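Below is one structure, written out as C-alpha cells, with a few remarks after it.
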Amino acid sequence: MTVLDPNMAGSSVSRSSLSFEHQASPVPQPRARGLRIEGLASLDWSDVIETTAVADLATSPAEARSSWISRADEQQVLARFRAVCEFDSRPPSPWWLRALHRGKLPSRAAGFAVEDEVTELLSSRPGWVFVPWADAGEVGHWEFVPSESGVYGPAEPTTVRFTDTHPGWVDLLPAHRGPGLAQAIPFTVADLREQIEDIENIA
C-alpha cells in the first residue's frame, strides 16, 4: 500500500486545479460572451421595432409609426440596425430602413413620403383598405376588397405593398386564385396613380 504525504498531495491537487482553471476557463468565455451579445442584440432589436397596440388598428402607414425606429434620431436608428445586421443579415425591419441602410433612399422622411403618397391616392377611393398587420417590422399593405370575389370565386385580393427591391418602392400583386403566390409587378407611385382604374377593374 502506498501512503501519500498529505502536504504533497494537497500541493499537487492545488497546482492541478489551478492549472486546469487557468487553461480551461478562457475557452468557453468568448463563446458565452458571443452568444450573450447576439441574444441581447436580437432582444434589443425586437424592442425597438415593436409598435403599440393602437398600431394594429391603424388605417394608414402614418398611424402605425409608433415604434422607436420611426421616431428616434435617424442616425441612431441606422447605427442600431447596422449593429444587429452583424448577427442577422436581414433582421425584421421596414422596407425604408433596408433601403436607407443600403444608400438607396436619401432619408427616412423620403420613405414616409412614398407611403403617404400611396395613402393619399388609395384612401380616397372606395374599396381600398389598409391592412396594418404584417411580418415583424414590416409596414402594412393595401388591399382592394372588391377583388376578393369574382366570377371565378374567392381570390387573394389585389394588393399594393411597399418594397426595397426596386427604386419605385411599390409592388402590385393582382387578384390571384389557385395555388402558388401572385407574381409581384414593380410599380412606382406615378404608375399606380396613372393605372389605378385599370387595376381596380382586374377581376
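The values are calculated or read from the model by the stated rules, or taken from the named source; none is laboratory data. Small disclaimer: the values here were computed from a predicted structure and weren't measured. Virtual Cβ from ideal backbone geometry, glycine too; neighbours counted across all protein chains shown.
Among (1) loosely packed, with under 14 Cβ neighbours inside 10 Å; (2) in a helix (DSSP H, G or I), there is one condition S124 misses while meeting the rest; what is its number?
Of (1) loosely packed, with under 14 Cβ neighbours inside 10 Å; (2) in a helix (DSSP H, G or I), only one is false for S124: (2).
Collect the residues in segment 69-97 that are among the aliphatic types (A, V, I, L, M) and within 10 Å of the chain's Cα centre (by Cα), keeping them in residue-number order.
L97
Of all residues in segment 161-182, count the ones that are within 15 Å of H141 (Cβ to Cβ), in contact with a Gly (Cβ under 8 Å, 6 or more places away or on another chain) and modelled with pLDDT under 95.
Residues in segment 161-182 being within 15 Å of H141 (Cβ to Cβ), in contact with a Gly (Cβ under 8 Å, 6 or more places away or on another chain) and modelled with pLDDT under 95: 1 in total.
With the checklist (1) modelled with pLDDT under 90; (2) among the small types (G, A, S); (3) touching a Phe, Trp or Tyr at 6+ places or on another chain (Cβ under 8 Å) in hand, flag the one item A32 doesn't pass.
Here A32 clears every test but (3).
Please tell me if E143 is at negative phi, charged (D, E, K, R) and surrounded by fewer than 18 Cβ atoms within 10 Å (Cβ to Cβ).
No: the conditions fail for E143.
Residues of segment 74-87 being loosely packed, with under 13 Cβ neighbours inside 10 Å and touching a residue at least 40 places away in the same chain (Cβ under 8 Å), which ones?
Once the filter is applied, which keeps residues that are loosely packed, with under 13 Cβ neighbours inside 10 Å and touching a residue at least 40 places away in the same chain (Cβ under 8 Å), segment 74-87 yields only E86.
Filter segment 98-113 down to residues that are in a helix (DSSP H, G or I) and either touching a residue at least 12 places away in the same chain (Cβ under 8 Å) or buried (at least 22 other Cβ atoms within 10 Å of the Cβ) (or both) and give me whichever is farthest from the chain's Cα centre (by Cα).
A110
If you check G137 against the conditions, is it without any contact (Cβ under 8 Å) to a residue 12 or more places away in the chain, assigned to a loop (DSSP other than H, G, I, E, B) and under 18 Å from the mean Cα position of the chain (by Cα)?
No.
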